[in-house]
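Worksheet for the structure shown next.
The values are calculated or read from the model by the stated rules, or taken from the named source; none is laboratory data. Here the structure is a predicted model, which means the values were calculated and not measured. In this analysis, Cβ positions are derived from the backbone assuming ideal geometry, glycine residues included, and neighbour counts consider all displayed protein chains.
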Amino acid sequence: TLSNSLAAADMAHTLHPNTNLRAHEAQGPMVIQRGEGIRVFDDKGKEYIEGLAGLWSVGAGFSQKRLADVAYQQMLKLPYYHTFTHKSNEPSIRLAEKLAEITPGPLTRAFFTSSGSEANDTIVKMVWYRSNAMGRPEKKKFLARTKAYHGITIASGSLTGLPVNHRDFDLPAIPVRHLTCPHYWRFGQEGESEAVFTERLLAELEAVIAEEGADTIAAFIGEPLMAAGGVMPPPAGYWEGVERICRANDILLVADEVICGFGRLGTPFGCQKYGFTPDIMTLSKQITSSYMPLAAVMISDHVYAPIADNSAKVGVFGHGFTASGHPVSTAVGLENLAIMEEQDWAGNAARLEAQFQGGLRSFADHPLVGEARGDGLIGALELVADKATKRPFETVGAVGRMAAVIGHDEGLIFRAIGDQLALCPPMIVTADDVDEIMTRMGRTLARLTDAAHK
Ligand code: PLP
């Protein structure tokens, strides 16, 4: 059958990221063939709610015909052009203008790449270039957090703070210090209040700056809400404190909004949810609802000016990709943002937040659930071996994988990050959809209790 031949071909001829490859060769793929709204269908016709919106990214759902039409029309008109030297194209100009309009604070310019990783690599290079241009070649270090996810290329993978992305790849390969992950439930100490936890993290930030020397640190990068590391909202006051300390030490603040951007948290951008204003912002994923690969680095004038001045001096800003400002990707991005505004994704997330987060928290009593957490339309259930002590399972990820398999059987796709079950549905979900997601998650957890104790 088609299904068997596809599976066999996949098992024989592909290398899948982020999986146990030997297990994959034995078990084979889940082949998704078709999408409709918040749902996808596999090669056997089985229906799933895509509770992770693909990879936290298909805001518009899986059948938005307007995006297909725009891509088709743009391909007929001008399928490719670039933005090297002084060349440009209309969709990339219009999208840059649109992003400058909707992003908060002083972000005025866009640099386009194809992926979030390339965007964060670009940020590292821009920041280094700027420090050199300003005659401060020693101001190059980055600050990030453990459990952060900023991508997997050499530089962005170095900013990422997950052992699985460092170990065996000889990363970090750029100067970066990873600070404590701001997840109170897991990293708060015995008897420590959330406010004291925040103070401790801010004191750590100040201590690291003092130890390294502020004149050696170029930038602090963070996801407003840490997503791919396990969906961890920051404690109250954290971002205001980080922003204050960065400003006092002349350290650029970079918001990696690859997941939090475009309404996910109930505000247009994640930094607005937590009350800070970055100097640089990374955008991707929901920028096109992932119908086309696209990412953007947004920068403010004080980041741009030294870079521009130096390029005038040496003749060029020697960085850029073949697909920087790709007209089909940027045309799809523009249309996607028009849809986002018409459908009011941020408003939808704000309206559904109580129901979605309440649904997740209703599982907090489950014997395997250590914490139910999240903000807006993103959340996670962290499964533990012992609720009282928060002790993780001995073999990390085994119960999570089991949950994902049962979830698939129940028609719900979520992401098992180790033993953390992450949900991040398309932005077009309705109240009924949220109910259905929670119903399927509930059935999954009920079956998991039996399975995990066998
Ligand atoms: N930054 C964040 C916050 C992400 O979540 C991701 C991907 O999940 C990236 C960067 C990397 O993006 P990409 O996979 O497009 O390289």
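Could you go through the range 152-174 and let me know if any residue there is assigned to a helix (DSSP H, G or I), touching a residue at least 40 places away in the same chain (Cβ under 8 Å) and away from the ligand (no atom under 15 Å from the Cβ).
Scanning the range 152-174 turns up no residue that is assigned to a helix (DSSP H, G or I), touching a residue at least 40 places away in the same chain (Cβ under 8 Å) and away from the ligand (no atom under 15 Å from the Cβ).
Among Val328, Val369, Val314, Val303, which is β-branched (Val, Ile, Thr) and not assigned by TED's automatic domain parsing to the domain that holds Thr282? Give the steps one after another, and end with the answer.
Details: Val328 fails: not assigned by TED's automatic domain parsing to the domain that holds Thr282; Val314 fails: not assigned by TED's automatic domain parsing to the domain that holds Thr282; Val303 fails: not assigned by TED's automatic domain parsing to the domain that holds Thr282.
The conditions single out Val369.
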Of all residues in the range 286-331, count the ones that are in contact with a strand residue (DSSP E or B) (Cβ under 9 Å, 6 or more places away or on another chain), surrounded by 14 or more Cβ atoms within 10 Å (Cβ to Cβ) and in a helix (DSSP H, G or I).
-> 6
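Could you check the range 190-284 for strands (runs of 3 or more DSSP E) lying wholly inside it with 1 or more residues that are among the small types (Gly, Ala, Ser)? Before you say what the answer is, go through the steps one by one.
Details: elements: 217-222, 252-256, 280-283.
The strands (runs of 3 or more DSSP E) meeting that bar are 217-222, 252-256.
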Pull up the range 372-409, narrow it to residues that are over 18 Å from Glu50 (Cβ atoms) and part of a strand (DSSP E or B), then point me to the one that is farthest from the chain's Cα centre (by Cα).
-> Asp386
Please name all residue pairs, on different chains or six or more residues apart, with Cβ atoms under 7 Å, provided the first residue is in the range 221-232 and is in the same structural domain as Val384 (by TED's automatic domain parsing) and the second residue is polar (S, T, N, Q) and surrounded by fewer than 24 Cβ atoms within 10 Å (Cβ to Cβ).
-> none
Looking across the range 408-443 at residues that are small (Gly, Ala, Ser) and in contact (Cβ under 8 Å) with a residue 60 or more places away in the chain, the single one that is nearest to Gly359 (Cα to Cα) is Gly442
Return yes when Ser311 is free of Cβ contacts under 8 Å to residues at least 12 places away in the same chain and either of a type in the set (S, T, N, Q) or within 16 Å of the ligand (Cβ to nearest atom) (or both) and no when it is not.
-> yes
Assess whether His82 counts as being within 28 Å of Val328 (Cβ to Cβ) and surrounded by fewer than 17 Cβ atoms within 10 Å (Cβ to Cβ).
-> no
Within the range 101-125, the count of residues that are within 22 Å of Tyr274 (Cβ to Cβ), polar (S, T, N, Q) and within 15 Å of the ligand (Cβ to nearest atom) comes to 1
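Could you go through the range 87-100 and let me know if any residue there is among the basic types (Lys, Arg), closer than 28 Å to Thr322 by Cβ and within 16 Å of the ligand (Cβ to nearest atom).
Within the range 87-100, the first condition is being among the basic types (Lys, Arg), and the residues that meet it are 87, 94, 98.
Subsequent filtering for residues that are closer than 28 Å to Thr322 by Cβ retains 87, 94, 98.
Among the residues that remain, those that are also within 16 Å of the ligand (Cβ to nearest atom) are: none.
No, every residue in the range 87-100 fails to be among the basic types (Lys, Arg), closer than 28 Å to Thr322 by Cβ and within 16 Å of the ligand (Cβ to nearest atom).
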